[in-house]
1. Hey, can you grab everything whose amide H is under 5 Å from the amide H of residue B:119? Only 5+ residues off in sequence or another chain; H modelled, so Pro and N-termini drop out.
2. Could you sort the peptides A:39-52, A:12-25 by per-residue average Cβ neighbour count (10 Å cutoff), highest mean leading?
3. Quantify how strongly other chains surround peptide A:239-252 by giving the mean number of their Cβ atoms within 10 Å of each of its Cβ atoms.
4. Quick check on packing: order A:697-704, A:720-727 by the mean number of other C-beta atoms within 10 Å, highest mean leading.
5. Treating the range B:84-131 as a set of equal point scatterers at the Cα positions, no solvent, please give the Debye-formula log₁₀ I(q)/I(0) at q = 0.32 Å⁻¹.
6. Can you tell me how much longer the chain between residue A:133 and residue A:789 gets when fully stretched, taken as 0.36 nm per residue apart minus their C-alpha distance, in nm with one decimal?
7. In square angstrom, rounded to the nearest 10, how much accessible surface does residue A:608 have for a 1.4 Å probe?
8. For a 31 Å ceiling on Cα separation, which of these pairs sit above it: A:607/A:715; A:805/A:848; A:375/A:488; A:82/A:350?
Amino acid sequence: MSVKAFELVPAVEREQVMGEKVRINIECIECCGQHLFLGTNDCFIHHFILEEHMTAKGKLAYKAQKLLHKYLGLKKPVAELKAASALERLIVLCDSTITVVDMVTLELVPFGGIKLKGVTAFCINENPVTGDAFCVEMAVVLARRRAVQICTVHEDRVDMLKEVTTPEQPCALSLDGYNICLALSTQYMILNYSTGASQDLFPYDCEERKPIVKRIGREEFLLAGPGGLGMFANAEGISQRAPVSWSESVIAAAVCFPYVVALDESFVTVHSMLDQQLKQTLSFRDGHLLQDFEGKVVLASSKAVYILVPLPLERQIQDLLASHRVEEALTLTEAAQRNIPKEKYQILHKRILQQAGFIQFGQLQFLEAKEHFRKGQLDVRELISLYPLLLPASSSFTRCHPPLHEFADLNHLTQGDQEKVQRFKCFLISYLHEVRSSDSANGFREDVDTALLKLYAETGHESLLDLLASDNACLLADSAPWLEKHHKYYALGLLYHYNGQDSAALQMWVKIVNGDLQDSTRPDLFEYVVDFLSFCSNLDLVWRHADWALQKDQKIGVQIFTKRPISEEKMGQLNPNDVIAYLEKHSQALLLYLEHLVLEKKLQKEKYHTHLAVLYTDKVLGLISRPSANEEQLSAARQKLQRLLKESNLCRVQLLLGKIQDSELLLLERATLHGKLEEHDKALHILVHQLKDSPAAEEYCSWASASQDRSYRQKLFHQLLSVYLDPDLPGGAQTIAAVDLLNRHAEDFDAVHVLKLLPEEWSLPLLRPFLCGALRASVHARCTSQVAVGLARAQNLQLQHDRLKYRGGPILVSEKKGCQLCHNTFSEPDCACLPGGTPVHIHCVAKKALDLPKRQHENAHRSNHT
Amino acid sequence: MPQASRTKKPDVKVVILGDMNVGKTSLLHRYTERKFKDTISTVGGAFFLKQWGPYNISIWDTAGREQFHGLGSMYCRGAAAVILTYDVTNWQSLAELENRFLSLTDTANTDCIFAIVGNKADLTDTLAHGPDTESERGDEAQPEVPCPTPPGTPLQHKQVSREDAVALYARVLRYKGLEEKACLPAETVCFETSAKTGYNVDVLFETLFDLVLPSILKKRSEGESSTVDLETPMEVKRTKAGCCA
Ligand SMILES: Nc1nc2c(ncn2[C@@H]2O[C@H](COP(=O)(O)OP(=O)(O)O)[C@@H](O)[C@H]2O)c(=O)[nH]1
Ligand SMILES: [Mg+2]
């Protein structure tokens, strides 16, 4: 399929040229502005005005109005006409001679300078180098001359600037700046007439085929090549565009960007310079001339003149798109950039990109489509709207008009092919995902997010949860039924939660946990709900669901209360008393909660501590009384109790003592409780005599004195020692335990005191570690204090030294010098110095120091009087 | 493969020469479109713009037909690299390179790089059946034209050996009046390829692109100023991975 790039519009009818005369042919054309000049084989020049107008159908049409015709009087065909509009002259080639006529009157203008006879071809420089607006540069080829003449045409004369010789006879030429592009008899070449540099282009037999040399732009030429090729060459002799392929019989070529138009015996062909493709073929018989004048392509048979009117670019692009030629359409669009105002171009370009994207989308070329959508800044809703039901019902979107594509919707596109449907959906998912992460969703985030949610739900995509858990704009009203339809109940809960409807969310989840709804998204949903409740600031909701959670599992359920984060604000804070009261009927949970308060959060409240201790105690007592309970359970329970008793200073001791008083087993606990009451004798008694556990007794001493000073500790250890040594007790004194105690805790005893206590008959080696320890400790203490004394002294000396240094130079004391205070002489070197270094007797200073307060007092008085 | 923007100017030119039917168009097509399909006889010439890192490289496919022979010199004018292509199953195609095509390269740059490429290696070498893995990129989803030789189809006789190509390379250098030692070694620039299977095709083009980079830099610096810039090293080493993939 091809594009319609041009339309052939008649301009000058045959009657207007020849009237009744049949044998008259058009030989050449010149067109500038509205003026159209024709040269005929009977040596006439015709001057028309071409008027453009729109037909009722909105098409461009031309009406030619003849102004004048003029016979040149040579009986030869007019071979070439070129306008020099600034000079109001027409340059005419007729009978191998160049003449100049007035553009308006068509009268011959006599001109001076050189005569140009025997001319076979000439051309005008469209890119002149002189910079003189009132002269035209021209290159002329003379018969049988291997040369090109460069001339300038002025109003009244023609000057020759230069003659450039060529290797062969030139037959056709074109000029751009200093570059002459020449068809010689066997080849094309480019000559720079300023530098003289020349460049062969390629061989071409001009005798056999008529050459074409056409300047198409700055320093670029189009040439007829072998095999009917249209070759491009620049001034350096390099081809920067691939050739276009004409027929071998090509007669003429013209350029109307981005097209190359060529004429042969029966067709006009249109190629794009952008991709070298043939775009359009127009049938045209008897074609004779084809030329472009300032963008206007004029075509003539020997009898009539036509204009090739380019169709609006937009139309051409749309035609290309209609035949799915995306690349070509884009190429053409981008080439149009230089002909269209910037804003207009941007709008056009975007639209074409979007259309191109949709074409590729329809062909499942998603990568390309995505790229074009992105570049074309597609309103993403255009795409979403193709998928039934994805846009929210509330969306105000309507597709753009004229439409960007021809698809009704996805069903239309896929014709029910499910595999395709899936592929389209996958594409939309990935596209929307990208749109979300860029900022091109601006303004329609609701539409995007809701559509994405629906797609995720429908396809069971794992990102559904991520979407709901993150910042999103999914519309609840639209999404909720959809999620329900696809059994995404957990997700629905998340959506409710995101929309501040926690109650609805919990309802959903509870139903799933209870098995009333089936959704296996989260196997750990119960834990999740509990966690959710623990963070839930709506206390009403928490209380409403706590029962359910605790009934399901107390251990996990209690986390509603224990995992609750502590925050400064009052809102969402639970009063522990309320919780405890509430948990009364869930004993396991209550215990866990109290543990949480006391052991983890370390709340210093007697009530909680006692409550926990009581619960522990009850548990232990319960286990004791239950025969089925095993050792491990019991010891674990006791350990907990013991730890609490030891660590807590808040439990109500008497109460607890009362509870365990009767138990034969809980001696250690009892001792601890006594310890709490500082009833160490009772405690030690229990430990030593009832429990007979001397390590426990020692540990007790350490524990009970842990936060006390050394003497308290010593006292306690001495107490234990006395208990051991008490001969009045049943079983007598516990010598071994006493020795061990001494040896192990030497530092906790006052050795002197201990030695007094010990029975005479004990052997020393028995107490060797104790004595060594004691001795070493005492020696150590002595040494340490000596060091301390030494250091203090050194410091003192240092200070004195500093002081002396501060005071300054030597003090001279001699037998002849007297003390300032008593005026007696010095008899000994010892002296004291007054401020300023005056030596005085030490005893005088001492005396003075004693007097000083009095004197000062007097001084103060005196100064008051002055 | 991302095509260079439609309107960019090329920085450097690579030209593929060789007799008709040796597979020039197919090679370019394989490289740019990543597939092998039936080609129609190239009319005149065509080119493709390849973006290579920050540069645009134009690759010209020429017509091998005698009729268009005269255009060769023009295509080669200013070329930084010329790929002389023959068909490994056709001795004449190698001979033609020397007889007809070598003289066309007179218009190429003086530092033009020459590559000698024997195409259709799939017909004579089992090795060339799989596409060379290192150059095959995973961007081709559609099924390949089935390329393994069907059982029973014997490999054709290889008329041109690698040694012949290496020898031609030496003669090319001599023709150019170049010292063999000062030029790229034959191992670097003699390839055997298959446009049909893709064997060695990416390697061929990408090796050449890397080799012409200094030429681009030179062209740029000449274009920018006439001052000699001692700082810009001419032997800029580029790794393949660093270029657009
Ligand atoms: N077996 C095989 N055939 C090839 C290969 N390359 C090209 N051909 C075929 O050779 C013929 C000519 O290829 P073409 O690319 O048009 O050659 P050109 O004239 O040098 O451009 C076509 O029929 C291709 O299918 C190849 O690597 N292996
Ligand atoms: Mg080809």
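The values are calculated or read from the model by the stated rules, or taken from the named source; none is laboratory data. As the structure is a computational prediction, the values presented were derived from the model and not from experiment. Note that we place each Cβ from the backbone using ideal geometry, even for glycine, and neighbour counts take in every protein chain shown. Surface areas here come from the heavy atoms of the whole protein model, side chains and all, with no ligands, DNA or RNA. Shrake-Rupley method; radii C 1.70, N 1.55, O 1.52, S 1.80 Å.
1. So residue B:119 has HN proximity to B:86, B:87, B:88, B:193.
2. My ranking of the peptides, most packed first, is A:39-52, A:12-25.
3. Counting other chains' Cβ atoms within 10 Å and averaging over A:239-252 gives 3.
4. A:697-704, A:720-727
5. So the normalised log intensities work out to -1.16.
6. Details: separation 656, 0.36 × 656 = 236.16 nm, distance 11.44 nm.
Extra length from residue A:133 to residue A:789 when fully extended: 224.7 nm.
7. We get 10 Å² for residue A:608.
8. Values: A:607/A:715 33 Å; A:805/A:848 24 Å; A:375/A:488 36 Å; A:82/A:350 42 Å.
Those over the limit are A:607/A:715; A:375/A:488; A:82/A:350.
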